[in-house]
Every structure is written in C-alpha cells, then in structure tokens.
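The values are calculated or read from the model by the stated rules, or taken from the named source; none is laboratory data. Computed from a predicted structure; not experimentally measured. Counting neighbours? That spans all protein chains shown, and the Cβs are built from the backbone with ideal geometry, glycine included.
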Amino acid sequence: MTDLIDSQLTGRPGTPQLDCVVCGHVPAAEVSFYRHLGLVLYVRFNRIQGPFCRDCGLAKMRDATAETIISGLWSPVSVVLAPLAIVRNLLGRRTVLALDKPVPRPGQPESNLAPLLPTRPVFRRFKAWFAPAVLAAVIAVLTLVDLPSAEKLDVVGGCVKFDNILHVDTADFVRCDEKHDAVITSIENSWQDCADGYVEKLYRYYCLAPAEGAPALVNVP
Ligand SMILES: [Zn+2]
C-alpha cells in the first residue's frame with residue numbers, strides 16, 4: 001500500500017497521477033479518512049474516500065476526527081471504533097502532509113475549484129475538548145456512585161439508616177461509621193423470625209436492633 005502511494009507521489013513513469021477528488025488539483029494521494037458516530041444504539045462508521053490533495057486531505061481529516069471525538073464516544077462499541085478511526089486518520093494525515101502544495105494539473109484549463117481552506121485544528125475546537133471532558137466526568141461519577149455498592153453492607157453486623165417519612169419499612173444499608181439508626185442482628189426468610197423491627201429487601205428480612213441511643217424499632221403495619 002505504501003509502495004503504491006509512493007509511486008503515485010513521485011509520478012513514476014507509466015503511473016497515472018491522481019487528481020484530488022474535491023478540487024481536481026495535483027498531486028493527490030489515495031487515502032481515506034474515517035468518521036465514527038456512536039450515540040448509544042446509533043452507530044455509524046463512514047469512510048471518506050480520496051484521492052485527496054494536501055489541503056483537502058487535511059481539512060477532511062480534521063473534520064472527520066473532530067466529529068469522531070465529539071459524537072463518537074457515546075456507545076459501547078465506541079471503545080474500539082473511535083480509536084480505530086482516529087489512528088487511521090492520523091496515518092492518512094501523514095500521507096497527505098507529505099504531498100507538495102496542490103496545483104492545477106499542468107496543461108489543463110484552470111479549474112474554478114480551489115483546494116479546501118485549512119479548517120481549525122482538532123484540538124483548537126472547543127467541542128473536541130468538551131466531549132471527552134464530559135465523558136471523563138460521567139465515568140468519574142459512575143465510579144464514585146458505584147463504590148458503596150461494591151462494599152457488602154447488607155450483612156449481619158451491618159448498619160441501616162431509615163427513611164424518615166416511611167420509617168422502618170424503607171431503609172438504606174450504610175456503613176457503620178456513618179450516621180445510622182439500627183444494626184442488622186440476623187437475616188431471615190420471614191419477618192416472624194425477627195424479634196424486633198426488620199426491613200425487607202428482595203424477600204429477605206433483615207432483623208434489626210436499635211443503634212446506641214436510638215429509640216425502639218416499630219414496623220409500620
Ligand atoms: Zn484538493
């Protein structure tokens with residue numbers, strides 16, 4: 001593939017020189033750029049096919065990469081497809097930047113198409129920073145929210161905090177070094193096995209004893 005491109009760049013005798021597919025200028029290289037859109041279940045992977053001259057190639061590459069960074073990080077398969085698109089685009093960028101300044105093909109009437117103007121570099125676009133920052137924040141929040149559930153709190157000796165409105169019937173398992181209302185004394189299959197108050201979660205009955213200094217437990221009928 002590299003050999004093929006090199007032969008096109010140097011205009012080796014017998015090898016037809018390529019025209020840029022956008023502006024018709026030369027030299028151009030056979031290169032494609034990739035754009036991945038991943039929005040939950042809406043996933044697309046587009047190929048933007050050349051040949052491109054240096055200027056059009058760079059503009060197409062920047063737009064495809066920026067769109068991938070902004071709209072291509074939000075589906076499960078994006079973990080694979082977004083980096084793939086970005087790496088392919090960086091390789092393509094190297095190819096087009098190795099080309100000379102685009103000029104009209106010699107001996108042909110001048111076209112009224114001009115090479116694309118340079119677009120803003122990817123990381124000078126606000127959204128290209130904003131989208132990964134939002135993603136990092138979402139991951140950070142999910143990780144932090146997940147932490148308490150990673151620790152087993154619904155065990156004998158664990159602690160619960162009651163919902164103040166609904167009383168004992170609804171309670172959250174909390175760490176015992178946090179403010180709590182009761183301690184789990186046993187876990188039963190029936191509320192009748194609990195001498196004192198209890199809380200039910202997923203058909204398991206957590207028998208409770210009041211925390212130190214807390215009032216006696218009463219289950220709301
Ligand atoms: Zn061009």
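Those residues that are among the small types (G, A, S) and more than 37 Å from the chain's Cα centre (by Cα), I need them from segment 88-123; list them, please.
Passing the criteria: G107, S111.
Specify the residue that is farthest from the ligand (Cβ to nearest atom); the eligible residues are those in segment 117-126 that are surrounded by fewer than 14 Cβ atoms within 10 Å (Cβ to Cβ) and either part of a helix (DSSP H, G or I) or at pLDDT 85 or above (or both).
Among them, the one singled out is F126.
Would you check which residues across segment 93-111 are in a helix (DSSP H, G or I), surrounded by 13 or more Cβ atoms within 10 Å (Cβ to Cβ) and either aliphatic (A, V, I, L, M) or within 14 Å of the ligand (Cβ to nearest atom) (or both) and list them?
T95, V96
Does segment 114-136 include one or more residues that are more than 28 Å from G57 (Cα to Cα) and β-branched (V, I, T)?
yes
When the residues of segment 40-86 are narrowed to those that are within 16 Å of the ligand (Cβ to nearest atom) and among the acidic types (D, E), which ends up surrounded by the most Cβ atoms within 10 Å (Cβ to Cβ)?
Of everything passing the filter in segment 40-86, D55 is surrounded by the most Cβ atoms within 10 Å (Cβ to Cβ).
If you scan segment 148-176, which residues turn out to be within 12 Å of A211 (Cα to Cα), at pLDDT 85 or above and under 39 Å from the mean Cα position of the chain (by Cα)?
Those that are within 12 Å of A211 (Cα to Cα), at pLDDT 85 or above and under 39 Å from the mean Cα position of the chain (by Cα): G158, C159, V160, K161, C176.
Please state which of the following conditions A114 fails to meet, knowing it meets all the rest: (1) surrounded by fewer than 17 Cβ atoms within 10 Å (Cβ to Cβ); (2) assigned to a strand (DSSP E or B); (3) small (G, A, S).
Single failed check for A114: (2).
Mind listing whichever residues of segment 26-39 are in contact with a Leu (Cβ under 8 Å, 6 or more places away or on another chain) and either crowded, with 22+ Cβ neighbours inside 10 Å or acidic (D, E) (or both)?
Listed by number, the residues that qualify are P27, A28, A29, E30, Y34, H36, G38.
For segment 127-160, how many residues meet the condition of being surrounded by fewer than 13 Cβ atoms within 10 Å (Cβ to Cβ) and assigned to a loop (DSSP other than H, G, I, E, B)?
The qualifying residues number 5.
Determine, yes or no, whether V183 is more than 30 Å from A64 (Cα to Cα), modelled with pLDDT under 90, surrounded by 10 or more Cβ atoms within 10 Å (Cβ to Cβ) and outside the structural domain of W74 (by TED's automatic domain parsing).
no
Conditions (1) out of contact with any His (no Cβ under 7 Å at 6 or more places or on another chain); (2) among the polar types (S, T, N, Q); (3) part of a strand (DSSP E or B), marked per residue:
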{"site": "Y34", "(1), (2), (3)": "yes, no, yes"}
{"site": "L37", "(1), (2), (3)": "yes, no, yes"}
{"site": "R47", "(1), (2), (3)": "yes, no, yes"}
{"site": "K60", "(1), (2), (3)": "yes, no, no"}
{"site": "D63", "(1), (2), (3)": "yes, no, no"}
{"site": "I70", "(1), (2), (3)": "yes, no, no"}
{"site": "P76", "(1), (2), (3)": "yes, no, no"}
{"site": "V79", "(1), (2), (3)": "yes, no, no"}
{"site": "A82", "(1), (2), (3)": "no, no, no"}
